[in-house]
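Structure first, then comments.
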Amino acid sequence: MGVTLTTSDGGRSEIASDAVEQLRSGLHGSLLAPDMPGYDEARTIWNAMIDRRPELIARCADASDVALAVRFAREHELLLAVRGGGHNIAGNAVCEGGLLIDLSPMKAVRVDSAARTARVEGGATLADFDREAQTSGLATPLGINSTTGVAGLTLGGGFGWLSRRFGLTIDNLLSADVVTARGEVVRASSDENPDLFWAIRGGGGNFGVVTSFEFQLHPVGPEVLSGLIIHPLDAAGDVLRFYRDFLPTTPEEFVCWFVMRKAPPLPFLPPEWHGREILALAVCYSGSSLAEGERVAAPLRAFGKPIADVIAPHPYAAWQTILDPLLTPGLRNYWKSHDFREVSDGLIDALIAHARTLPDPNTEIAFAQLGGAVSRVANEATAYGHRDGQFVLNVHGRWDDRAKDAACIGWARELFQAAAPFATGNVYVNFLTQDEGDRVRAAYGPNYDRLGKIKSKYDPDNLFRLNQNIRPLAYA
Ligand SMILES: Cc1cc2nc3c(=O)[nH]c(=O)nc-3n(C[C@H](O)[C@H](O)[C@H](O)COP(=O)(O)OP(=O)(O)OC[C@H]3O[C@@H](n4cnc5c(N)ncnc54)[C@H](O)[C@@H]3O)c2cc1C
């Protein structure tokens, strides 16, 4: 008796058991079936809305395992999913009935402190990378939740507290080892396969499986000046109008994001504020002089009457994990996102109005600041094609009770619509949900057609289709 798997066209195909055994024995890692220990852990991802059961999971130990699994999927025309850190909201890291390539055993990070570079395997998390790089006082821009995968974050673009200063994560990518749809391992860099290198800097998992990334690092820390300033939501209009005028006066070492949500029971918040709507400004100054950071942040800290101000020096690696308790895996999530060039009055009003009707204590309105080094790179220099966006709204619909699905999804969609008139029309591909395939073209703008041509070259049969999919284009 063989194993029946879902094929890439949605059909079912029986694979002879000796072919499956050959795959199993060829792997340095392991091959999991649904009845085996570790199977449920390997198929469970961050967003609990996604509950899919692959028929086989190849837990890869190295690039040759990945190549073997890719060749197996191609030969048998299987539905194929690729899992890095398993964080993506759309849930494409896992498939129903097909083959899952799980890179999570591949977490090695090797830092060359003299060259200020790092080699990072495709299953490493931000925490794995930051921890190792910070032992040499180095870092590259990554995201704000340490359990996120380096792979998915990088392939979509990647931004966080260091991005105004050092650009997107992809702007610091020097090379990558990629297993193509043919099952070959190739290097992508500005010298080798430069078309592929261009495409993977923002084009997601469409072009192959990245087994290893090489990054440029920068001296950061060991401490940054960082923390939260919390205001009542009733003050948010005044604070955000001050915020938008204040930001252009700050250097690129300084960044300030904000969140609107119901106050969690944090120890530094007076108990009477727990559960009430707040605006939290999240500040990070990563320059070498923390005294200069104090000077830069002072006007923002002096504005209005904050409920709490907990800005202080923090080890950079610790600051990178500070939001983890609010972003734990296992809750139901539905996100909507827009890019903005400015924080307009209309946008501020729309955000505040919806913050008054948050459908769940876990739901939040998150707002990231970009610009600086991100915007100095040309839109056509990498696949990430909307560098003029200065801010990113991420409506984090987030809740735990399945009975609230309709209310929470409906609220997120309403805020998305209300904010749309003020948005650029672009979107960050890493924040798209599973029902937003129609926004992929907007995510890439004029770069989309070039991506389609490169897709035709490296993956003409769309083996890597379980992602924010770029369709192969025939060469003109
Ligand atoms: C709580 C939270 C906070 C976040 N914060 C930020 C942030 O601050 N900044 C930011 O830029 N983004 C942020 N993100 C978005 C994040 O960048 C994306 O969700 C990203 O896709 C996660 O990568 P992953 O490897 O964990 O995800 P996965 O779900 O494992 O992968 C996502 C997709 O990438 C592809 N993929 C994964 N690994 C590989 C690989 N090795 N080779 C080829 N393709 C691969 C696959 O198509 C897969 O479906 C956040 C997400 C969450 C859930």
Scan the range 250-275 for residues that are modelled with pLDDT of 95 or more and touching a helix residue (DSSP H, G or I) at 6+ places or on another chain (Cβ under 8 Å) and jot them down. Thr250, Pro251, Glu252, Glu253, Phe254, Val255, Cys256, Phe258, Met260, Arg261, Ala263
Within the group Leu463, Leu415, which residue is within 15 Å of the ligand (Cβ to nearest atom) and in contact with a helix residue (DSSP H, G or I) (Cβ under 7 Å, 6 or more places away or on another chain)? Leu463
If the requirement is being within 16 Å of the ligand (Cβ to nearest atom) and out of contact with any strand residue (DSSP E or B) (no Cβ under 6 Å at 6 or more places or on another chain), which of these qualifies: Gly208, Gly183, Gly237, Gly221? Gly183
Out of all the residues in the range 291-302, which are hydrophobic (A, V, I, L, M, F, W, C) and crowded, with 17+ Cβ neighbours inside 10 Å? Val296, Ala297, Leu300
Cβ pairs under 8 Å, 6+ apart or interchain, first in the range 373-384 and in contact (Cβ under 8 Å) with a residue 40 or more places away in the chain, second hydroxyl-bearing (Ser, Thr, Tyr), ordered by first then second residue, are Ala373/Ser163; Val374/Ser163; Ala383/Tyr444
Condition test on Leu326, is it hydrophobic (A, V, I, L, M, F, W, C), modelled with pLDDT under 95 and closer than 30 Å to Ala133 by Cα? yes
Look through the range 182-196, keep the residues that are open to solvent by less than 10 Å² (accessible area, probe 1.4 Å) and among the hydrophobic types (A, V, I, L, M, F, W, C), and return whichever of them is nearest to Glu380 (Cα to Cα). Leu196
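May I ask you to verify whether Gly425 is more than 16 Å from the ligand (Cβ to nearest atom), in contact with a strand residue (DSSP E or B) (Cβ under 9 Å, 6 or more places away or on another chain) and on the phi > 0 side of the Ramachandran plot?
yes
The rows are residues; the columns are (1) under 21 Å from Arg165 (Cα atoms); (2) surrounded by fewer than 16 Cβ atoms within 10 Å (Cβ to Cβ).
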site	(1), (2)
Ile322	yes, no
Leu331	no, no
Pro359	no, no
Ile365	no, no
Ala373	yes, no
Glu380	yes, yes
Gly385	yes, no
The one condition in (1) touching a Pro at 6+ places or on another chain (Cβ under 7 Å); (2) closer than 27 Å to Ile89 by Cβ that Tyr39 fails to fulfil: (1)
Any chance you could count how many residues in the range 192-205 are more than 16 Å from the ligand (Cβ to nearest atom) and touching a residue at least 12 places away in the same chain (Cβ under 8 Å)? 2
In the range 401-429, what count of residues is obtained for those that are surrounded by 14 or more Cβ atoms within 10 Å (Cβ to Cβ) and either among the acidic types (Asp, Glu) or in contact with a Leu (Cβ under 7 Å, 6 or more places away or on another chain) (or both)? 4
Leu31 more than 14 Å from the ligand (Cβ to nearest atom), without any contact (Cβ under 8 Å) to a residue 60 or more places away in the chain, part of a strand (DSSP E or B) and more than 24 Å from Gln468 (Cβ to Cβ): yes
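Among the strands (runs of 3 or more DSSP E) lying completely within the range 42-157, list those that include at least 1 residues that are crowded, with 24+ Cβ neighbours inside 10 Å and near the ligand (Cβ under 10 Å from one of its atoms).
80-83, 99-102, 117-121
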Quick one: count up the residues across the range 195-228 that are on the phi < 0 side of the Ramachandran plot and assigned to a loop (DSSP other than H, G, I, E, B). 6
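The values are calculated or read from the model by the stated rules, or taken from the named source; none is laboratory data. Since the structure is predicted, the reported quantities are computational estimates derived from the model, not experimental observations. Every residue, glycine among them, receives a Cβ derived from its backbone with ideal geometry; neighbour counts consider all protein chains shown. These accessible areas exclude ligands, DNA and RNA; they are computed on the full protein's heavy atoms, side chains included. Shrake-Rupley method; radii C 1.70, N 1.55, O 1.52, S 1.80 Å.
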